[in-house]
Structure formats: C-alpha cells, structure tokens
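To start, the structure itself, in structure tokens.
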Amino acid sequence: MTLADPVLGGPALPQERRLVTNIPGPRSLALAGRRHAALPAGLASAAGVYAAAAGGGVVVDVDGNSFIDLGSGIAVTTVGNAAPEVVARTSEQVARFTHTCFLATPYEQYIEVAERLNRIAPGDHEKRTALFNTGSEALENAVKYARIATNRPAVVVFDHAFHGRSLLTMSMTAKSLPYKHGFGPFAPEVYRAPMAYPYRWPSGPQNCADEAFAQFAQLVDSQIGSDAVACVVVEPIQGEGGFIVPADGFLARVADFCRDRGIVFVADEVQTGIARTGTWFASEHEGIVPDLITTAKGLAGGLPLAAVTGRADIMDAAHPGGIGGTYSGNPVACAAALGVFDEIENGGLLARAREIGEILTVELEAIAASTDIIGEIRGRGAMVAAELVLPGTRTPHRDAVAALTRHCHDNGVLTLTAGTFGNVLRFLPPLSIPDHLLIEALGVLRDGFAAL
Ligand code: PMP
C-alpha cells in the first residue's frame, strides 16, 4: 500500500483540521483488516485511523485526514512530532552510528543526557542518572536501587496508580481491568495506600490531606513496619488514574515522613515530567525533592528512552553489571533527548505549557457552564482533565466519556480517556500546537456535549 501524501511530518504540515473521507477512511479500514489477521486482540488502539505524518498540532492519517492532536501519543511528543531539533540530531546520529551498547562500548551522548537531567532535577545534592528504554523499566530499576541501598524489601504505592505493564510494575499498578486481570500471580512486597484524591475523598476535600496521610503513615508504621520499606513510589499527578492532583501538602508530608524513616521517596514523573506541567518536573509544584525520579515519555520526542535520576549515594549502591540493558540509552534516542532539551529551552516551552493549560481550563470551564455532567476540571500546565459524572451526583459517567471520545475522533480531534472508572477526558496536547487548533478542538468537544 502506498501512503497518501504528505509523507513528511513536522511543524511545516498544514496546521488544520481537515476531513476528506469517512472516519475511518478506506486506507485505514484496509490496514485494520490486515491488523486483525496479524496482531493479537490484546493490543487495542484508541483511534481507528492509521498515522502517516504528524507535527505541530496535527496527525495526518493514511487517507489524508488531518486530526487535531490532543494526546501527543499519550504524553510523549511534548515538543511536537518530528520536532526540528529532534529530527536534526537523530538524523545525524543515525548516519554516524546506531548502536554499540553502552555496556560494551560507551559514548558521549549518554553522558550528556545524564548531565542535563542531573542539572534540571530538583535539589542541589549530587545526582546520578541511568538510562533505560521504557517507563516500566525505569520504575523496575528505581525499585532495584531503593532495595539495594536500603537492604529492605517493601514497596508502597497508591490507589489509582499506574506504573507499567511488566510483572513488578503491573503489580504496582492499581487498576485490575485491563492491566492486571488474569495476569497474576503478582510480585510480592507491594503495598497500597489510599491516594489523597480530593474530589472523591469520603469525608470531603477539606479532610483529604490529613486523613490520607494518617492512613498512609499507619500502613507503613504499623502494618508493614517502616524498617521493612525500601521505597514509596508516587506520581505527583496521577496520569492513567485520571489526572488526580493530590490534596495540597500531602506529597510534602509523605516525602518528609520517608526522610525521617530512611525510606527512598520515588516520584514517578513518566507522564508528568519534562515540561508537561509547565515546569521540568511536576514535583516542583509541590516543593518536593524526590530521592529518585523516573522519566520516559516526553524525554526523547517519541524515541524509546527512560531514566532514573537521583541521589548519588542511592544510585551508586548498585554493583557494576547489576544495572543496564542491551538497548538502554541507545545513541539515537539520546540524540533525540538532547534535541528535546534544546526545543524546550530555546522554544520557551515551559511557559507555553502553562499558557496551553490556561486556554484549556478557560474553554473547559465555559463548557462546564452549559452542562451538568462535568464534576471537576483539574490538572497543571498542558495536562488537564475533566471528570464526568451523572447529573447532581459523583457517580462516574463512563458512557458520556465514550460518546464524547467517539464524537471527537469522528470530527477530527484525537482525545484520550483516563480514570479508574473510565470517566475522565484527558488533554495532553503537544506544546507545539497553535492556539487556533486548540480552540477549534475544544469547539468540537463543546458540540459533542451539546449533542449528548
Ligand atoms: N508510569 C507512569 C506514570 C505512566 O504514565 C506510564 C505509562 N502510561 C508508565 C509508568 C509506564 O511507561 P511505559 O509504558 O513506557 O512502560
């Protein structure tokens, strides 16, 4: 099959919403047919269209339809698809060498990515960075570092958490369907505390931070025993869980508690990190300095790269050969990450993320004024969500989210869902999206609410 023009992506693509066929179009339908014959059913995709090119704020499909991108490939193409610095640096690196394996013959690009992450991560202590391929792998390794540094087994995580699909990270993830159901037995020594989720806290948001902290502390001190806990792992804003922003002060109290007891505090910034929330790391909004931070997604503009960045004393505790992998810190992915850092720094993208957040929030609040099913709008920077509920209740309204997502896809806007109850619309536009597309996309969503 030959793909429809244009085949070149990047910000030069026409920045427009354009539908030229039914959705999905004939070429996408043909690919769907081949996919069903060749791929297993457990691989699901949110959209029914197949990508041909992307850049700025659009994804163009194989039929030539141009969609406004409000998902960034699940928070990955933060600097935009085929961003100029990423294309330039990776093209040069591909032509130079594609792989030597850092464990065999090391190279400078890996060190430079580590230096830059060490520089931007919160805290002025001495830091180290190790690179991996995926978010899950970074989390696995954060736990390995915490365990070897503390000589303790237990890992404490939270309700609504998502940390990955490998055995350990699936065990750390909260939601059964679709992530865990039927895939057990799970990894041992994983314990779960309530998350300080203000909108759904049983006794009301005003009690949320205090009561959630008390329950967390009780779990660690009296049920597990703090001297058995290697680490507490938490997303500063829970991503897949529904963009849950923990109650004010909760994370800082958890971090202080960990410091008092020699527990490693790990911030999982796989979804929130690298400019997404308007700062390099979402931890900065809370004034916390994590012992270890995991990043992935936005780090390398779509090339597989992940990192653990943290305290030198913890990360130097692992013995030579105990950490790494064949592809970890691949030189092309490292080149992409260096391009991402340049795009963010030279393009003023931290401020742009905050601006996008303001536009999204204003537009969503205008929609909320005309409907009674938006329970809460929340998030930070270019990471904003709307939680939908049945009118006059807090009962999750999953059907509305499904209908609105379908409406957006059918009308040229790519959106994503989230939430333990599947009732959250989440917005993660690339920071390269122009204002007019953002506003047009929210107009499509507004029509969807009107049509419900
Ligand atoms: N942690 C968080 C917070 C995530 O959002 C994700 C991915 N959604 C992961 C870990 C796992 O990352 P990956 O899919 O790259 O393994």
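Data table
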| quantity | calculated |
| --- | --- |
| Residues within the range 400-452 that are touching a Lys or Arg at 6+ places or on another chain (Cβ under 6 Å) and part of a strand (DSSP E or B), tallied | 2 |
| Some residue of the range 436-446 being crowded, with 23+ Cβ neighbours inside 10 Å, over 29 Å from SER176 (Cα atoms) and β-branched (Val, Ile, Thr) | no |
| Among the candidates GLY357, GLY375, residue that is touching an Asp or Glu at 6+ places or on another chain (Cβ under 9 Å) and more than 30 Å from GLU92 (Cα to Cα) | GLY375 |
| Helices (runs of 4 or more DSSP H) contained in the range 264-368 and holding at least 1 residues under 19 Å from the mean Cα position of the chain (by Cα) | 331-346, 349-368 |
| Residue tally, condition away from the ligand (no atom under 14 Å from the Cβ) and either surrounded by fewer than 23 Cβ atoms within 10 Å (Cβ to Cβ) or free of Cβ contacts under 8 Å to residues at least 60 places away in the same chain (or both), over the range 252-277 | 12 |
| Selection status of GLU235, within 15 Å of the ligand (Cβ to nearest atom) and acidic (Asp, Glu) | yes |
| Selection within the range 84-100 - in contact (Cβ under 8 Å) with a residue 12 or more places away in the chain and either under 27 Å from the mean Cα position of the chain (by Cα) or more than 13 Å from PRO331 (Cα to Cα) (or both) | PRO84, GLU85, VAL86, VAL87, ALA88, ARG89, THR90, GLN93, VAL94, THR98, HIS99 |
| Close pairs from the range 124-137: first at pLDDT 95 or above, partner among the β-branched types (Val, Ile, Thr) and within 8 Å of the ligand (Cβ to nearest atom), Cβ under 6 Å, at least 6 apart | GLY135/VAL270; SER136/THR169 |
| Unique residue being farther than 15 Å from ILE237 by Cα, in contact (Cβ under 8 Å) with a residue 24 or more places away in the chain, within 16 Å of the ligand (Cβ to nearest atom) and touching a Gly at 6+ places or on another chain (Cβ under 6 Å) when the list is ALA300, ALA306 | ALA306 |
| Among (1) within 23 Å of the chain's Cα centre (by Cα); (2) among the polar types (S, T, N, Q); (3) surrounded by 15 or more Cβ atoms within 10 Å (Cβ to Cβ) - the single one SER28 does not satisfy | (1) |
| Within the range 1-92, strands (runs of 3 or more DSSP E) holding 2 or more residues that are in contact with a strand residue (DSSP E or B) (Cβ under 6 Å, 6 or more places away or on another chain), charged (D, E, K, R) and more than 26 Å from GLU240 (Cα to Cα) | none |
| The range 192-241, residues that are among the aromatic types (Phe, Trp, Tyr) and crowded, with 18+ Cβ neighbours inside 10 Å | TYR197, TRP201, PHE213, PHE216 |
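The values are calculated or read from the model by the stated rules, or taken from the named source; none is laboratory data. Predicted, not measured: the structure shown is a model, and the values here were computed from it. Methodologically, a virtual Cβ is constructed for each residue, glycine included, from the backbone with ideal geometry; neighbour enumeration extends over all protein chains shown.
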